Amino acid sequence: MARIVITRPLPPEEIDVLRTAHEVVVHDIGPDNGGDEDRIIEALRGADAAITLLDNPVSARVLSACPGLKIVAQCAVGYDNVDVLAAKELQIPVSNTPGVLTDATADFTMALLLAAARRLREADRYLRDGRFRRWEMLELLGTGLSGKTLGIVGLGRIGSAVARRALGFGMRITYHDRGHSNPTKERRVVAHRVDFATLLAESDVITLHCPLNAESRHLIDASALARMKRGAILVNTSRGPVVDEAALVDALRSGHLAAAGLDVFEREPDLHPGLFELDNVVLAPHLGSATRETRRAMARMCVEAVTAALAGLDIPYRVA
Ligand code: DGY
């Protein structure tokens, strides 16, 4: 019987299948209750398999302290919290959950984009404050999307799904991606590849869908924000540190950017205090993949990966 440690509760109906053959220990470890490396080491010590979440630091130190691990199954598509180089060196396989959250995250990106462009947050407040006395011609005017340029940073699965949706809104799609050009995909999503400087200068809306790594950290900094069009909108459902949050607050406060829609933050779960004071930003607590269907599918993929690893079979969704 192997010992499987799960760092935080997952949909029980998916996890229960593991209990038929293994010991399953479910913790509740997060940044809000001291979920640092020591706490993760304490939880994972003696484990044969781990299922981790995106705010668990699975560092080289953690991995070295848990040499019995036959897999770290990350229950997210992003795995910037896992030191994959160390995992490779220590020969601990790592898996993630690609594909199943593409549509949910793309839908949520559009929700934030529409809410930011049409000032939904302010409109809701306006009504609740009792200010809706008559239909106004000049009140709460937003930005139309049809005919506008959407600049996508990262044309992977989620970026492409956003492109397909935005086409339905009549937007012109451009993208910047550090990977090789993929003409088939470009034709499918009708997207034009541009360099980063052009994307910044020409986009009416920029949406971020790149992984977090050394190159993408603070990709959207004060200088990038200054090069965006006056009145542009920024949407981020990727990872918070891709944006310099303090610089974004300045750009929103000065009115250089019209609005932003943010699902992710630089130091989750903390937000830059300036964000709370701004009316032109729509905020969500990292909900991109948060549908019942998607969260179950993510858990199911972790179960598949763990089951395969413990049986000595080829591990699906393996990234390292
Ligand atoms: C991910 O999977 O990386 C998302 O951020 C959460 O689902």
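Every number in this text was worked out from the coordinates using simple rules, so none of it is lab data. From a predicted model like this one, the values you see are computed outputs, not experimental measurements. Positions of Cβ are generated from backbone atoms using ideal geometry, with glycine treated the same way; all protein chains shown enter the neighbour counts.
Residue ranges 10-22, 296-308 sort as 296-308, 10-22 when ordered by packing (mean number of other C-beta atoms within 10 Å per residue, highest first).
Computed from the Cβ-Cβ distance with R0 of 35 Å, the FRET efficiency linking L90 to S181 stands at 0.50.
Database remark: amide H of G68 closer than 5 angstrom to the amide H of G46 (H placed geometrically; neighbours at sequence offset of 5 or more, or on other chains; Pro and chain starts carry no H).
Per-residue 3J(HN,Hα) values for the stretch 50-55, derived from phi via the Karplus relation 6.51 cos²θ - 1.76 cosθ + 1.60 with θ = phi - 60°, read 10, 10, 10, 10, 5, 9 Hz in sequence order (x marks Gly and Pro). Other residues with beta-carbon under 12 Å from the beta-carbon of G288 carry, at +1 per Lys or Arg and -1 per Asp or Glu, a net charge of -1. Relative to the longest principal axis of the Cα atoms of the chain, the long axis of helix 102-117 makes an angle of roughly 30 degrees. Between the amide H of A232 and those of A258, distances stay under 5 Å, these residues lying 5 or more places away or on another chain, with hydrogens modeled in the peptide plane. Quick one: net charge of L313's neighbours, Cβ under 13 Å, K/R +1, D/E -1? Here the charged neighbours net out to 0. Residues in the stretch 311-316 carry Karplus couplings, in order, of 8, x, 9, 4, 8, x Hz; the curve used is 6.51 cos²θ - 1.76 cosθ + 1.60 with θ = phi - 60°, and Gly or Pro positions show x.
For the chain, the longest principal axis of the alpha carbon atoms and the long axis of helix 157-168 meet at an angle near 30°.
What is the sum of charges around A50, taking Lys and Arg as +1, Asp and Glu as -1, for the other residues whose C-beta is under 12 Å from the C-beta of A50? Summing Lys/Arg as +1 and Asp/Glu as -1 gives +3. In the elastic network of the chain, a GNM with C-alpha springs shorter than 10 Å, the most mobile of D124, D38, D55 is D124.
Multiplying the residue separation of R61 and R292 by 0.36 nm and removing their Cα-Cα distance gives an extension gain of 79.8 nm.
Summarising the strand pairing of the chain, around 5 percent of its internal DSSP beta bridges are antiparallel. Remark on the chain: Rg and Dmax equal 21.2, 69 Å (Cα only). Residue-wise HN-Hα couplings along the stretch 206-215, as the Karplus relation 6.51 cos²θ - 1.76 cosθ + 1.60 with θ = phi - 60° gives them from phi, are 10, 10, 9, 9, 9, x, 7, 8, 4, 6 Hz; Gly and Pro carry x.
Simple point charges give the picture: +1 on the Cβ of Lys and Arg, -1 on the Cβ of Asp and Glu, and for the chain a dipole about the Cα centre of about 1140 debye. In terms of overall dimensions, the C-alpha atoms belonging to the stretch 102-283 reach 53, 33, 29 Å along their principal axes, ordered largest to smallest.
Distant-in-sequence amide contacts of I51, defined by a placed amide H-H separation under 5 Å and a gap of 5 or more residues or a different chain, comprise V5, I6, T7, A73. Excluding same-chain neighbours fewer than eight residues apart, the lysines reachable from K229 by a Cα-Cα span under 22 Å are K148.
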